[in-house]
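Engineer: Quick one: structure below, then a few questions.
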Amino acid sequence: MSDWAIATYGLTKRFEGHIAVNEIDLKIKSGEVYGLIGPNGAGKTTLIRMLAAAEAPTKGEIYINGDRLLRDDSNPVQKKRLGYLPDDFPLYDDLTVWDYLEYFARLYNLKPSFRRRRLMEVLELVQLENKRKSIISTLSRGMKQRLSLARTIIHEPILLLLDEPVSGLDPLARQQFRQIIKVLQEAGMTILISSHVLSDLAELCTSVGIMELGFLVESASLPELYQRLSRQQIILGTLGKMEILQQALRQNSFVETWEMIPESGLLKVNFTGEKQDCADLLRSLVLADIPLTEFHCTQEDLETIFLKLGHQQAS
Amino acid sequence: MKNIQVFQRSSSLWEKFLDLNPQLFREIKGKLKTRNVVIAAAISVITQFVIGISLLSDLPNPDPQGLLKAQYGPYAMGSGSGNHIAYTKDMLGNWVINWQLLWLDLFIALSIVSIFSLLIVGVYMLIADTVKEDNRGTLNFIRLTPQSAGSVLLGKILGVPILLYIAVFLLSPLHLMAGLGAHIPLALILGFDIVIVASCAFFYSFAMLWSLMNFGLSGFKPWLVSGAMGALLLLLTTATFHHNHLISNTLWDWILLLNPGIVLSYLIEATYLPLNKIDFVSADNLGELLFYGQALWAKASFGIGFILFNFSLWTYWCWSVLKRRFHNPTNTLVSKTQSYWITGWLSVFALGFTLQNYQSYSSATDNFIFLQMCLCILGLALIAALSPHRQALYDWARYRHQNNKDGNILWKELVFGENSPSSVAIAINMAIAITYITPSIFLFLREKDRYIFWGFILSGLSILLYALVAQLVLTLKTRKRSVWAGSSVRGMIVVPPVCLGVADFSPYKAPE
C-alpha cells in the first residue's frame, strides 16, 4: 500500500440524489504526473477536494503514502505532505506577497532559519521576486495564480493537487505555469492535475485518468494509452498530383484511410504498420517518383483519443 | 500619514512571540498599521478626556473672592445623595471635595466603557472577520494546514480585535489610577480585570462558534449577535445602576452573572463610601443570591471565584464544540456525547439557582415552573443542534455499516453516532435533566404542588414530539428544510394554546 503516493478504496461522494464520485479506486505511483480529464460535472473537483481533505467522503478510504487521510487535528504530518491548489484561489488582499507566503510558511511550521530561504526559492520559481513587497490586490490574475502555486508548495509537499491551474490564463502565463510544473516534477513531487487543456496535459503527464459521471472510466500511463487507443498517422505532402499519391497509397496494405488536411495541401494517412513498414512505404513512394515534400510519422493526440472514447471535452 | 506596518524590523524576541501562533502573526500583519494604531489610540484618549471632563464639570467653580452663591454637586462632603449636596469650604476658603467618590465614578465609568467596547465591538469584529474568511474560502486553506483548530481560533481571538485591545490597554493606566484613588484594594482591581478577561474568553468563543454555524444570513450574523450583546449588556448594566435590590432569587439571577460589571459591587463596597452616594447594586444584595442554598456571593473572593468558574466552564464547552465544528463544518453543531455533558452541567447550574430560601411556597413553585420553561428552551436548542439534515441522514442510513465499526449496532449509533437521527439523543438529554431535577421537586415542594413533576414530563415528551417532527421535516426534499422545520415546531408550540384560548378552555380547571 505504501508504494502508492495516492490510493483510494471505494471512494464515494453523494450530494442529495446525485453521486458526484462513485466507488473510485484510484492509484498513483510516487513521482508521477497524473492528469485527470473529463467533462464538466464528471466529479474531478470533488475527487481532488476529497484527496486534499477539503471535503469529507461519504464512503471510502484515502491513503497518502500508505497512511490513512483523516479530516481532523490528528494528522499534522499528513497535512504537511499535501499541497492543494483549487480552481478558485482566494487570497488576502490586505497582505503583501511576502507576508502572505510567510504566513503560510508559519502555518506549516517551517523553521525560522529555513523560512526566509524557502520564501526566496519559491518566489524565484514563480517569478515574483520583484513583487515581494506588492500588496496582493495589485497583482494580475496570472501573478495571483502563480502566488497561489507558491503558497501551495511553500512547505515542500510531496503530493501536489492542482485543480484547473491554468484556467483563465493567457498563453504566455500558461507556458510559464507549465515550466514551473516541470521543475516541480523534476524535484520529485507527485502531481495530480486536472485540466481541460489536453495539450498541456499531454506535455506534462506520465499517466492519465478519465472521469465520467463520477466514475473513473480509464486510468493508465500515457504511453499505454497511446499504444491502446491512438492510431499511427503519417502526414504526407507532394509537389505532384494528389491523385497519383493516393493511387500509390492504395497499393499499401497498412494504409487504412486518409484525409486532406484543410488549407495545408497535406494528406493525413491512418497507418497500421510498424516503423519498418513506414520506411518501406516511404521507399516505395520515392521509387514511384512522387515528389514528396513532407513525410512524417505522428499519432493521434490526447484530445482525439478522448473524443474517440465518446466524451465531449470542452477545451 | 503613511500606513505602514508598526513592526517592520525583526527583533528576535518579537519574532519568537509571533512564531508561537501563525494566525496571530497574520492578524498583526494585516491590522497593526500606523494609521490604524493612531486612530485606536486617539479614540481611547478622547474617550478618557470626555469622561474626565464630564466628571470634573460636577466640581464647584473656583471662587477665590467668595462671591458665588452656594454650589451643589455630587462630590460635596455634606450629607445627602445625588446632585443636591451643597459644597462647603474649609478654613482656608477652599472647596471641600469628595475626591474618593470622584475617582470611584471615574473608575466605574472607565470599567463600563471597557466592558461595552470589549464585548460588543470585539464580538462584532470576530464574527465579521470569520464570516468573511468563510465566505471567501480562505478559512479552508487554514483548515488544511497542520495547525490545530485551537491554535487558529486562539490566534483569531487574540489578533482580530488587536486594535480594540490597544485602545482598552491605553485606558488601563487611568483606570488603575482611578481605582487606587478610590481606595479600592489592588487585589480586587486585578480580580475584576481577570473577570473581564474571562468574560471576553466566553463571549469571544461563543462569537466564533456563532460565525461557524450554517444558517444563511451571513451578512447579518455580526449585527445580530453584537446587537443582542449590546441590548443584554445595556439591560443588565442599567439594572445594576437603578435597582439596589437586583437579586430576584430566581433562575434570572444566573443571567446577571454574565455581566462582568456585577463584580463592581465588591469593589465599591471595599471603598467604604456611604451607599446612598452610589447608584449601584450593593454587595449585600449580591450576597442574597443563593446557589443550592449557599450564599456564595456574600464574600468577594467566593463571588468572584464562582463567576470565574461559570465563565471558564462555558468557555470550555464552547471551545470543545468549536474545535469539532472547525474541522467538520457540515456536521451537526454538537456531537451527541457533548450534548449529554452540556445538558448535565446546565441542569446542575439551573437547579442551583432555582433552589433558594423561599419567602413562600408559591415562589418555590414559580421557580420550578420557570425552570420547566428553561428546559423547553434547552430542548428546542438541542433539536437545532443535534438534528442532521437530509443528506447526512441518508448517508448515515446507507453507509453506516461500512463507515463505522459500530455501524451495525443500532442503539450505539442512535445514542452516540455521528449524523444518526436526533430523537433518541434528545430523549436521553431530557431524561438526564428531569432525572436530576425530580428529587428536588419531591423534597422541596408541598404535596399539592408536586404536579410540577408531570409538567416536566409533559415538557420532555413535547420536546421529543417536536424533535421527531423537526427530524422528519429535515428529511424532506424541499430546499428550505430548516425554515420548514422551524415553522412546524413554532406552529406546534403556538397553535394548541391559541386553540384553547379561542375555545375559552382552561386546562387547569378541567374536568370541572
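Each reported figure results from applying straightforward, stated rules to the coordinates on display, with no laboratory input. Since the structure is predicted, the reported quantities are computational estimates derived from the model, not experimental observations. Neighbour counts are summed over all protein chains in view; Cβ atoms, including those assigned to glycine, are modelled from backbone coordinates with ideal geometry.
Engineer: Please compute the length gained on full extension between B:TRP14 and B:ALA295, using 0.36 nm multiplied by the number of residues separating them and subtracting their Cα-Cα distance.
Structural biologist: Details: separation 281, 0.36 × 281 = 101.16 nm, distance 4.66 nm.
Taking B:TRP14 through B:ALA295 to full extension adds about 96.5 nm, to one decimal.
Engineer: Mark the label point 7 Å from the Cα of A:ILE244 along Cα→Cβ and return the residues of the stretch A:252-287 whose backbone N is within less than 11 Å of it.
Structural biologist: none
Engineer: Sticking with this one: State the volume of the convex hull built on the alpha-carbon positions of the protein assembly as shown, expressed per residue in Å³ and rounded to an integer.
Structural biologist: Working: hull volume 201.8 nm³, N = 827.
Expressed per residue, the convex hull around the Cα atoms of the protein assembly as shown is 244 Å³.
Engineer: Give the average, rounded to an integer, of partner chain Cβ atoms located within 10 angstrom of each Cβ in A:106-113. Intermediate values should be presented prior to the final figure.
Structural biologist: Details: counts 11, 13, 5, 5, 1, 1, 6, 0.
For this peptide, the per-residue mean of nearby foreign Cβ atoms is 5.
Engineer: Take peptide A:71-78, look around each residue's Cβ out to 10 angstrom, count Cβ atoms belonging to other protein chains, and average those counts.
Structural biologist: 4
Engineer: So, one more: In degrees, nearest 10, range 0 to 90: what is the angle between the Cα axis of helix A:97-107 and the longest Cα principal axis of chain A?
Structural biologist: For helix A:97-107, the angle is close to 70 degrees.
Engineer: Which percent of Cα pairs goes in each bin when the distances of the stretch A:193-315 are cut into 10 angstrom slices starting at zero?
Structural biologist: Over the stretch A:193-315, the share of Cα pairs per 10 Å bin runs 11, 38, 26, 19, 5, 0 percent.
Engineer: Let me ask something else. Could the peptides A:176-183, B:147-154 be put in order, highest first, of the mean number of other beta-carbon atoms found within 10 Å of their residues? Present the calculation step by step, with values, prior to reporting the outcome.
Structural biologist: On the way: A:176-183: 16.8, B:147-154: 19.5.
Answer by packing, highest mean first, reads B:147-154, A:176-183.
Engineer: Quick one: 3J(HN,Hα) in Hz for the stretch A:45-51, Karplus 6.51/-1.76/1.60 with θ = phi - 60°, rounded, Gly and Pro as x.
Structural biologist: My calculation for the stretch A:45-51 gives 5, 5, 4, 5, 4, 5, 5 Hz in order.
Engineer: Still on this structure: Scan around A:SER219 for amide H atoms under 5 Å from its own, H built in the peptide plane at 1.01 Å from N, and keep only partners 5 or more places away or cross-chain.
Structural biologist: A:ILE210
Engineer: Roughly how far apart, in whole Å, are the Cα centres of the stretch A:1-33 and the stretch B:135-178?
Structural biologist: 38
Engineer: Give me the percent relative contact order of chain A, please, defined on Cα pairs under 8 angstrom at least 6 residues apart. Present the calculation step by step, with values, prior to reporting the outcome.
Structural biologist: Working: 540 pairs, mean separation 64.4, N = 315.
Computed over chain A, the figure is 20 percent.
Engineer: What average number of partner chain Cβ atoms lie no more than 10 Å from the Cβ of the residues making up A:90-101?
Structural biologist: 3
Engineer: Taking 8 Å as the Cα distance limit and 6 or more residues as the minimum spacing, I'd like the relative contact order of chain B as a percentage.
Structural biologist: Once normalised by length, the contact order is 12 percent.
Engineer: OK, next. Highest GNM mean-square fluctuation, chain A, Cα pairs closer than 10 Å: which of A:PHE114, A:PHE104, A:PHE271?
Structural biologist: Maximum among the listed residues: A:PHE114.
Engineer: On C-alpha positions alone, give me the angle between the axis of helix B:186-211 and the longest principal axis of chain B, in degrees, nearest 10.
Structural biologist: The angle comes out at about 40 degrees.
Engineer: So, one more: 7 Å from Cα along Cα→Cβ at both A:GLU259 and B:ALA231: what's the point-to-point distance in nm?
Structural biologist: 7.0
Engineer: For the stretch B:265-297, list residues with backbone N below 16 Å from a point placed 7 Å from the Cα of B:MET77 toward its Cβ?
Structural biologist: Answer for this model: B:273-274.
Engineer: Take B:PHE353, B:PHE291 and order them by how many other Cβ atoms sit within 10 Å, fewest up front.
Structural biologist: Exposure proxy ranking, most exposed first: B:PHE291, B:PHE353.
Engineer: Through the Karplus equation 6.51 cos²θ - 1.76 cosθ + 1.60, θ set to phi - 60°, convert the phi angles of the stretch B:335-346 into ³J(HN,Hα) values in whole Hz; use x for Gly and Pro.
Structural biologist: Whole-Hz 3J(HN,Hα) from phi for the stretch B:335-346: 7, 5, 4, 4, 5, 5, 5, 5, 4, x, 5, 4.
Engineer: Cα axis of helix A:112-125 to longest principal axis of chain A: angle in degrees, 0 to 90, nearest 10?
Structural biologist: 30
Engineer: Next up: Can you list residues whose amide H is under 5 Å from A:ILE261's amide H, if they're 5+ apart or on another chain and H is modeled 1.01 Å from N?
Structural biologist: Residues meeting the amide H criterion: A:LEU266, A:LEU267, A:LYS268.
Engineer: Name the residues whose placed amide hydrogens come within less than 5 Å of the amide hydrogen of A:TYR84, ignoring near sequence neighbours (fewer than 5 apart) on the same chain.
Structural biologist: Amide H neighbours of A:TYR84, under 5 Å, 5+ apart: A:LEU161.
Engineer: How big is D for chain B, in µm² s⁻¹ as a whole number, if Stokes-Einstein is applied with the Kirkwood radius of its Cα pairs at 25 °C and 0.890 mPa s?
Structural biologist: Diffusion coefficient, whole number: 93 µm²/s.
Engineer: If we sort B:467-473, B:270-276 on the protection proxy, mean other Cβ atoms within 10 Å, highest first, what's the order?
Structural biologist: Output ranking for B:467-473, B:270-276: B:467-473, B:270-276.
Engineer: While we're on this one: For the stretch B:115-126, take each phi angle, set θ = phi - 60°, evaluate the Karplus expression 6.51 cos²θ - 1.76 cosθ + 1.60, and give the result in whole Hz per residue in order, putting x for glycine and proline.
Structural biologist: Working through the residues one at a time gives 4, 4, 5, 5, 7, 8, 5, x, 4, 4, 4, 5 Hz.
Engineer: List the lysines whose Cα sits under 23 Å from the Cα of B:LYS509, skipping any in the same chain fewer than 8 residues away.
Structural biologist: B:LYS448
Engineer: Ok, one more. Could you check what % of the DSSP bridge pairs in the protein assembly as shown are antiparallel, to the nearest 5?
Structural biologist: Numbers: 45 of 62 bridges.
For the protein assembly as shown, the DSSP antiparallel bridge percentage is about 75.
Engineer: What Kirkwood radius, in Å to one decimal, follows from the Cα pairs of chain A?
Structural biologist: After inverting the pairwise mean of 1/r, the radius is 22.0 Å.
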